[in-house]
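Asks: Shown below is the structure under consideration.
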Amino acid sequence: MGVGLLALARYTLSGPYQAAAVVGLLAVLAVFIPPMLGSSLLAVLIGSLCMMLSCILVSLIILTQGSISGLKAILVSVLGITLVGWTLVNAPSLGLWIGLVQWLPIILLSQALRSFKSLALTILAGLGLGMIAIVAQQLLVGPLENELVTQVFRGMGEAGKDPELPPEMLELLRLLVLAMVATAYLFIMLILFVARWLQASLAGTNGFGEEFRALTLGKTAAGVALLVVGLSFWLQQDWLVSMVFLLVIAFMFQGLAVVHSKLGPKRGGRLMLTVFYVLLLIVKQAVALIAVTGVIDNWLVFRKQAVKPGNENED
């Protein structure tokens, strides 16, 4: 799969017309494959894959050629989605909304990575955007009450039926809604990581691996994270809980960097990392544990040899 992705990246970067055509086609397919195929699980997976690929390629274009080249490819995508949306579902504004929601954070953070040349600063910039999004969500939507979640699921159920949701289910649904921004942040950062890996691979270097294993967000960011967690327990506010989810994702990346720096160089390191990621997916407490590792690493420095002493995020 990596070889195919590299080949697609090379073709996309071979010229402005190729970049616009590939990104535009993938973006249009991402939006219209699910409804065309009846919104089956397979259609959703194919649409999601096309969306991820289009975002990764736009990020790669910005990293290698600058924001102007990325904007040209995005413009073709927006125009394509607008025309197809206008023709098929009479929704000419669809392209604009997708452009704002999907492309804007990709553009900003890809340009930040290109300018800062630092994964850590880019993660922190994304963290700032996520917190702005949470505040905007709070101001526009207001407190997320269990009754609101119940009404949403009543609307999704069969007409005339009033499903009784247990309190545990209501709480789970509320937490899922509160984690929406953090989930989007996770996917955006993964897109940037893949784009940065492609950039390094096309240049024939192992720069991304070294950069990721040395990732550290700094004591100031870790202190702010601990403060927000403490306030969330004290004030019990939904917007603070959403920020805690966001911070968990950010420091999870630093915790993963610690794990990679410790397991990667060992014999059989790739197998151990595979087992580790499987456990990360099936053990629900593992993400929080890795995030805690990322936070305390800023003081204990588990990677004394892996982290360069002059890192720009160290206090």
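Asks: Go through region 21-44 and count every residue that is crowded, with 20+ Cβ neighbours inside 10 Å and either in contact with a Lys or Arg (Cβ under 6 Å, 6 or more places away or on another chain) or among the polar types (S, T, N, Q) (or both).
Replies: 0
Conditions (1) more than 17 Å from the chain's Cα centre (by Cα); (2) among the hydroxyl-bearing types (Ser, Thr, Tyr); (3) at pLDDT 95 or above, marked per residue:
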residue: LEU37; (1), (2), (3): yes, no, no
residue: LEU41; (1), (2), (3): yes, no, no
residue: CYS50; (1), (2), (3): no, no, no
residue: GLY66; (1), (2), (3): yes, no, no
residue: LEU71; (1), (2), (3): yes, no, no
residue: ILE74; (1), (2), (3): yes, no, no
residue: LEU94; (1), (2), (3): yes, no, no
residue: LYS117; (1), (2), (3): yes, no, no
residue: ILE123; (1), (2), (3): no, no, yes
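Asks: Filter region 183-219 for residues that are modelled with pLDDT under 95, among the small types (Gly, Ala, Ser), buried (at least 16 other Cβ atoms within 10 Å of the Cβ) and in a helix (DSSP H, G or I) and give the result.
Replies: Answer for region 183-219, where residues must be modelled with pLDDT under 95, among the small types (Gly, Ala, Ser), buried (at least 16 other Cβ atoms within 10 Å of the Cβ) and in a helix (DSSP H, G or I): ALA184, ALA200, SER201.
Asks: Determine whether VAL28 is modelled with pLDDT under 90 and either more than 26 Å from LYS117 (Cβ to Cβ) or part of a helix (DSSP H, G or I) (or both). Working first, answer last.
Replies: Numbers: modelled with pLDDT under 90: yes; either more than 26 Å from LYS117 (Cβ to Cβ) or part of a helix (DSSP H, G or I) (or both): yes.
Here the answer is yes, as VAL28 does meet what is asked.
Asks: Looking at (1) assigned to a helix (DSSP H, G or I); (2) closer than 20 Å to SER201 by Cα; (3) hydroxyl-bearing (Ser, Thr, Tyr), can you tell me which one SER14 breaks?
Replies: The single condition SER14 does not satisfy is (1).
Asks: When you look at CYS55, is it modelled with pLDDT of 85 or more, within 22 Å of the chain's Cα centre (by Cα) and more than 25 Å from ALA120 (Cα to Cα), yes or no? Even if it seems obvious, please write down each step before you answer.
Replies: Working: modelled with pLDDT of 85 or more: yes; within 22 Å of the chain's Cα centre (by Cα): yes; more than 25 Å from ALA120 (Cα to Cα): no.
Criteria not met by CYS55.
Asks: If you don't mind, another one. Six or more apart or on different chains, Cβ under 7 Å: which pairs go from a residue in region 102-124 that's without any contact (Cβ under 8 Å) to a residue 60 or more places away in the chain and within 27 Å of ASP297 (Cβ to Cβ) to one that's among the polar types (S, T, N, Q) and in a helix (DSSP H, G or I)? Could you list them?
Replies: From region 102-124, the pairs are ALA112/THR122; PHE116/THR122.
Asks: Looking at region 149-158, is at least one residue surrounded by 15 or more Cβ atoms within 10 Å (Cβ to Cβ) and either more than 18 Å from the chain's Cα centre (by Cα) or at pLDDT 75 or above (or both)? Spell out how you get there, then give the answer.
Replies: Just the residues of region 149-158 that are surrounded by 15 or more Cβ atoms within 10 Å (Cβ to Cβ), to begin with: 149-150.
Cutting the leftovers down to either more than 18 Å from the chain's Cα centre (by Cα) or at pLDDT 75 or above (or both) gives us 149-150.
There is at least one residue in region 149-158 that is surrounded by 15 or more Cβ atoms within 10 Å (Cβ to Cβ) and either more than 18 Å from the chain's Cα centre (by Cα) or at pLDDT 75 or above (or both).
Asks: Residue check: is ARG303 among the basic types (Lys, Arg), over 20 Å from the mean Cα position of the chain (by Cα) and buried (at least 16 other Cβ atoms within 10 Å of the Cβ)?
Replies: Values: among the basic types (Lys, Arg): yes; over 20 Å from the mean Cα position of the chain (by Cα): yes; buried (at least 16 other Cβ atoms within 10 Å of the Cβ): yes.
Taking the combined requirement at face value, the residue satisfies it.
Asks: Looking only at region 271-287, which residues are under 27 Å from ARG174 (Cα atoms) and surrounded by 15 or more Cβ atoms within 10 Å (Cβ to Cβ)?
Replies: Looking only at region 271-287, we keep the residues that are under 27 Å from ARG174 (Cα atoms), and these are 277-287.
Passing the criteria: LEU280, ALA286, VAL287.
Asks: Yes or no: LEU113 surrounded by fewer than 20 Cβ atoms within 10 Å (Cβ to Cβ), of a type in the set (A, V, I, L, M, F, W, C), part of a helix (DSSP H, G or I) and modelled with pLDDT of 80 or more? Let's see the steps before the verdict.
Replies: On the way: surrounded by fewer than 20 Cβ atoms within 10 Å (Cβ to Cβ): no; of a type in the set (A, V, I, L, M, F, W, C): yes; part of a helix (DSSP H, G or I): yes; modelled with pLDDT of 80 or more: yes.
No, not satisfied.
Asks: Pairs, please: C-beta under 7 Å, at least 6 apart or cross-chain, first residue closer than 19 Å to VAL194 by Cβ and in region 8-24, second not in a helix (DSSP H, G or I)?
Replies: Matching pairs, first to second residue: ALA19/LEU13.
Asks: Filter region 258-270 for residues that are within 25 Å of the chain's Cα centre (by Cα) and not in a loop (DSSP other than H, G, I, E, B); which is surrounded by the most Cβ atoms within 10 Å (Cβ to Cβ)? Step through it out loud before you land on a result.
Replies: Of the residues in region 258-270, the ones within 25 Å of the chain's Cα centre (by Cα) are 258-264, 270.
In the following step, the residues that additionally are not in a loop (DSSP other than H, G, I, E, B) were identified as 258-263, 270.
Numbers: VAL258: 23, VAL259: 19, HIS260: 19, SER261: 20, LYS262: 15, LEU263: 16, ARG270: 11.
Among those residues, the one meeting the criterion is VAL258.
Asks: Pairs needed: first member in region 285-297, modelled with pLDDT under 95; second member anywhere, surrounded by fewer than 19 Cβ atoms within 10 Å (Cβ to Cβ) and assigned to a helix (DSSP H, G or I); C-beta distance under 7 Å; at least 6 residues apart or different chains.
Replies: ALA286/LEU279; ALA286/LEU280; VAL287/LEU280
The values are calculated or read from the model by the stated rules, or taken from the named source; none is laboratory data. Just so it is clear, the structure is predicted and the values come from calculations on it, not from any experiment. When we count neighbours, we look across all protein chains shown, and the Cβ atoms used for this are built from the backbone with ideal geometry, even at glycine.
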